[in-house]
1. I need a count of the residues in the stretch 437-453 that are surrounded by 21 or more Cβ atoms within 10 Å (Cβ to Cβ) and closer than 16 Å to ASP370 by Cβ.
2. Has the stretch 357-374 got at least one residue that is within 12 Å of the ligand (Cβ to nearest atom), in contact with a Phe, Trp or Tyr (Cβ under 9 Å, 6 or more places away or on another chain) and either over 15 Å from ASN332 (Cβ atoms) or in a loop (DSSP other than H, G, I, E, B) (or both)?
3. With within 16 Å of the ligand (Cβ to nearest atom) and either buried (at least 21 other Cβ atoms within 10 Å of the Cβ) or closer than 30 Å to LYS153 by Cβ (or both) as the only criterion, which of ASP401, ASP424, ASP413 stands out?
4. Select from the stretch 454-463 the residues that are outside any helix (DSSP H, G or I) and either of a type in the set (Gly, Ala, Ser) or within 16 Å of the ligand (Cβ to nearest atom) (or both) and write down the one among them that is modelled with the lowest pLDDT.
5. Looking only at the stretch 115-128, count how many residues are out of contact with any strand residue (DSSP E or B) (no Cβ under 8 Å at 6 or more places or on another chain), part of a helix (DSSP H, G or I) and touching a residue at least 12 places away in the same chain (Cβ under 8 Å).
6. Looking only at the stretch 133-156, how many residues end up being over 24 Å from the mean Cα position of the chain (by Cα) and either under 19 Å from GLU87 (Cβ atoms) or modelled with pLDDT of 95 or more (or both)?
Amino acid sequence: MKENGMITLRRIATLAMACLLSVMLMTACSMQEDDILSGVPADIETRLAVYTPTEIKADLSTLPQQEQDVVAKLVEAAAIMHELFIEQACPGHEKMQTVLAGYKGKQAEAVRAYFNINAGPWDRRFHFESFWGDVPHPDGANFYPLDLTDAEKAILEEGGHGYDSLYTMIRRDENGGLIAVPYSEYFKDGLTEAADLLREAADLTANASLSAYLKARADAFLSDDYYESDLLWMDLDSAVDLTIGPIETYEDGLFGYKAAFEAFVTVTDPVESERLDKFKGELPWLESVLPIPDEHKNMNRGSESPIRVVDEVFTAGDTRTAVQTIAFNLPNDEKVREAKGSKKVMLRNVMNAKFNRILTPIAETLIVPDQLDGLAAESFFLHTLWHEMSHGLGPGRIVKDGEQTEVRLELKDLYSTIEEAKADAMASWDIFKLQPKGYFDETIYRQQAVTYLAGLFRSVRFGIGEAHGQANAIQFNYLLNRNVITVEDGLFRIDVEAFPGAIESLVQEILMIEAEGDYAAAAEMVEVYGGMSDALGAALVALEDLPVDLLPQFSI
Ligand SMILES: [Zn+2]
């Protein structure tokens with residue numbers, strides 16, 4: 001029954017894709033190559049050049065040969081996540097890629113490369129506007145049917161029937177109704193292949209915690225139940241580390257329900273990780289002094305919050321697209337977080353590359369010369385670290401109108417933006433709270449302010465159509481509005497004295513939006529501060545010739 005249903009569904013899905021693509025393909029087939037390429041922005045090569053090719057290397061030579069073989073298997077499994085992600089992100093991607101592959105010439109090469117960076121023909125730096133063809137980007141990517149009516153959106157918004165599950169694709173059944181298809185069915189072939197590779201790696205490795213995690217993750221791919229494997233991921237104690245599966249929900253711009261496939265293959269630096277582990281002991285204290293009423297503080301989150309500092313070996317899927325991740329905090333499942341806390345993973349080799357190749361040139365272009373001495377790699381690292389720690393602080397599961405719910409479910413499509421703004425602002429707040437406790441000397445105030453300012457420009461350049469970019473626009477405009485950031489002859493100055501107080505106000509406002517699950521207040525914050533102010537626009541123009549991000553070149 002199920003199997004037959006699936007065949008029908010697949011057929012319907014294929015037909016839907018064919019319809020969408022027929023517009024693009026009819027145009028493509030009836031035009032000459034020159035005509036097609038004239039539909040591509042003239043600045044496509046400039047757009048491509050903002051992603052500067054950068055070698056990302058990790059030293060595997062200290063690993064025994066056996067564990068190096070494990071890494072090779074994990075990279076193979078990770079590569080499958082990339083294929084699954086493109087299916088989630090881009091309706092009709094196969095046909096588009098076929099058409100693209102037929103083009104020749106220099107500009108065609110740029111279009112292909114840009115298509116790969118964006119996982120589709122829509123520019124992630126510019127609100128997903130089309131850079132090739134004229135098919136508008138669907139808010140729900142390929143997670144939902146493209147022809148959803150308003151009535152159907154309301155039904156999906158209510159949830160139930162698997163509609164609001166992290167791990168289902170929404171498709172139409174044979175009667176045209178909506179149906180939630182579990183990832184394990186929809187992506188059966190790819191997930192089975194990836195599961196086999198994880199099991200092979202599990203048999204190869206000498207590390208028991210890695211072996212147990214890989215086996216459980218393989219099972220999860222086929223059952224859509226990630227809970228057990230998330231717990232085991234928290235317990236991983238291995239030089240070789242893997243984060244893989246359907247994880248973040250940023251790609252679902254319609255409801256923020258659906259998790260996108262991605263993978264990080266990394267190797268751990270145990271010495272650096274241990275140095276940082278001491279910070280975790282401060283998390284309960286920081287939660288207790290958050291600038292909100294006690295009733296909203298969440299003292300039940302797990303106290304076990306390991307920090308890992310790793311070097312990236314290979315990435316795929318969601319995280320490989322457009323802007324490269326420098327750190328993450330997982331798992332997202334609140335049940336796992338309450339049982340085990342969450343794990344912060346800092347991608348050290350990526351972070352170093354970004355400080356040198358992106359952040360330093362930005363600061364030199366935009367910040368007043370007499371503040372440049374505040375720019376510090378250590379501050380960039382600390383802010384990123386505390387950004388990740390801050391995702392584990394503040395409201396997560398909340399009570400609204402007497403009902404248990406989660407901030408994520410209440411803030412829906414705005415959740416990612418609000419949560420990223422919280423983590424960023426709170427990162428500075430955490431560091432200032434900890435300074436008097438002796439963790440940092442007083443130069444941290446100046447270093448943090450200047451490096452944070454450079455970091456805001458760096459992130460807004462990601463595009464305000466993306467959660468992290470918009471979150472940074474909110475912070476920039478909030479501080480500009482309060483004269484904590486000022487403009488002098490096209491250069492920017494940050495008021496080092498006023499910064500800690502202003503950032504606490506912002507943290508407080510965001511935490512109350514989350515504590516009350518207040519969608520309207522979140523929308524107002526995004527509306528008032530999330531846009532491109534004149535000052536911000538002018539700053540971005542000054543940065544036009546600098547690379548925005550890295551295009552990672554992995555050596556494996
Ligand atoms: Zn974050």
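1. Adding up the residues that qualify gives 5.
2. Checked the stretch 357-374: no residue is within 12 Å of the ligand (Cβ to nearest atom), in contact with a Phe, Trp or Tyr (Cβ under 9 Å, 6 or more places away or on another chain) and either over 15 Å from ASN332 (Cβ atoms) or in a loop (DSSP other than H, G, I, E, B) (or both).
3. Residue meeting the stated conditions: ASP424.
4. PHE462
5. Number of matching residues: 2.
6. Of the residues in that region, 11 qualify.
Conditions (1) surrounded by fewer than 20 Cβ atoms within 10 Å (Cβ to Cβ); (2) out of contact with any Phe, Trp or Tyr (no Cβ under 9 Å at 6 or more places or on another chain), marked per residue:
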site: ILE56; (1), (2): no, no
site: PRO64; (1), (2): yes, yes
site: GLN68; (1), (2): yes, yes
site: ALA79; (1), (2): yes, no
site: GLN88; (1), (2): no, no
site: ALA108; (1), (2): yes, yes
site: TYR114; (1), (2): no, no
site: ASP139; (1), (2): yes, no
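Residue-by-condition table, conditions (1) touching a helix residue (DSSP H, G or I) at 6+ places or on another chain (Cβ under 6 Å); (2) not aromatic (Phe, Trp, Tyr):
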| residue | (1), (2) |
| --- | --- |
| GLY133 | yes, yes |
| PRO145 | no, yes |
| PRO182 | no, yes |
| TYR186 | no, no |
| THR192 | no, yes |
| ALA202 | yes, yes |
| ALA208 | no, yes |
| ALA218 | yes, yes |
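The values are calculated or read from the model by the stated rules, or taken from the named source; none is laboratory data. Quick caveat, the model's predicted, so the values are computed rather than measured. Every residue, glycine as well, gets a Cβ built from its backbone with ideal geometry; the counts of neighbours run over all protein chains shown.
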